[in-house]
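First comes the structure, then the notes that go with it.
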Amino acid sequence: MLNSMVVKLTRPVHSRLRASRSLMAAEIMRPSPSMSLLDIGGSPGFGGEFDSLRALFARVVVANLDPKTNVGPVAPNVSLAVADGCDLPYADQSFDWVFSNAVLEHVGDRRKQEQFTREMRRVARIGYFLSTPNRAFFLDPHTYLPFYHLLPEGMQRAAVHLSVGHMRSWQPLHLVSARQLREMLPAAQVHSVGPMGLNLIAYSSPTP
């Protein structure tokens, strides 16, 4: 009962944060109606917070490794694909822009994260925008448990049943710091955003 109440209370906060990142991405990308966008690890849903961003592009591909995620209605300019963000089936510079929200921490260890960011850069013709939870923030955004993401695996498995977030069973998480993100994306601008630096964003775009 308490868990469901917390989820109901925090869901609007998550929606507002996702909507704010969508707005940030649009301001950085400044897309024209002829451009294309690849959303790595996204989904058709999320309450529509990213629909306003996707609507600015002529063609959008939402690629997710889990085919069960690719359900729900999509806009006419959006298509769904099953693809691994660490090994994308697209040629170099296939998309004008690449977007990824809250995916990097789920792809695996540092080696997999480097593959993911490398693929993101490879298929982007103009630039990219990536958002991921900040390792330095005290609260884990998946479970809403303080410092959960810093615990060793055994302690995470024991603590995850206390979760009041959307993650209720153990999954591997590898949150990164701003320094680690800069190491993986040396050409990007990296900033902490949200309440008390809850999230990190990294983006690369042409100089105005």
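Throughout, read-outs are computed from the coordinates displayed, never taken from laboratory work. If you're wondering where the values come from, they're calculated on a predicted model, not measured in any experiment. No Cβ is skipped: glycine too gets one built from the backbone with ideal geometry, and neighbour counts run over all protein chains shown.
Can you name every residue in the stretch 140-156 that is without any contact (Cβ under 8 Å) to a residue 40 or more places away in the chain and not in a helix (DSSP H, G or I)?
Passing the criteria: ASP140, HIS142, THR143, LEU145, PRO146, PHE147, LEU151, PRO152.
Could you grab me the full set of residues in the stretch 132-155 that are in contact with a helix residue (DSSP H, G or I) (Cβ under 7 Å, 6 or more places away or on another chain) and farther than 29 Å from ALA188 by Cβ?
Within the stretch 132-155, LEU145 is the sole residue that qualifies.
For a quick check of your reading of the model, give me the residue pairs whose first member lies in the stretch 117-128 and is over 13 Å from MET184 (Cα atoms), whose second is part of a helix (DSSP H, G or I), with beta-carbon atoms closer than 8 Å and at least 6 apart or on different chains.
Going by the 8 Å Cβ cut-off, the qualifying pairs are ILE126/MET29; GLY127/ILE28; GLY127/MET29; TYR128/MET120; TYR128/ARG121.
In the stretch 88-116, what count of residues is obtained for those that are farther than 18 Å from MET29 by Cα and either crowded, with 18+ Cβ neighbours inside 10 Å or polar (S, T, N, Q) (or both)?
Within the stretch 88-116, the subset farther than 18 Å from MET29 by Cα is 88-92, 102-116.
Narrowing further to those that are either crowded, with 18+ Cβ neighbours inside 10 Å or polar (S, T, N, Q) (or both): 88, 102-107, 113, 115-116.
Residues that pass the stated criteria total 10.
Name the single residue, out of those in the stretch 82-135 being of a type in the set (A, V, I, L, M, F, W, C) and touching a Pro at 6+ places or on another chain (Cβ under 8 Å), that is farthest from PRO146 (Cα to Cα).
Here the residue is ILE126.
Considering each of TYR144, TYR128 in turn, give the residue that is within 17 Å of VAL61 (Cα to Cα) and either under 16 Å from the mean Cα position of the chain (by Cα) or surrounded by fewer than 19 Cβ atoms within 10 Å (Cβ to Cβ) (or both). So that I can check it myself, show each step before the final result.
Working: TYR144 fails: within 17 Å of VAL61 (Cα to Cα).
After ruling out the rest, the residue left standing is TYR128.
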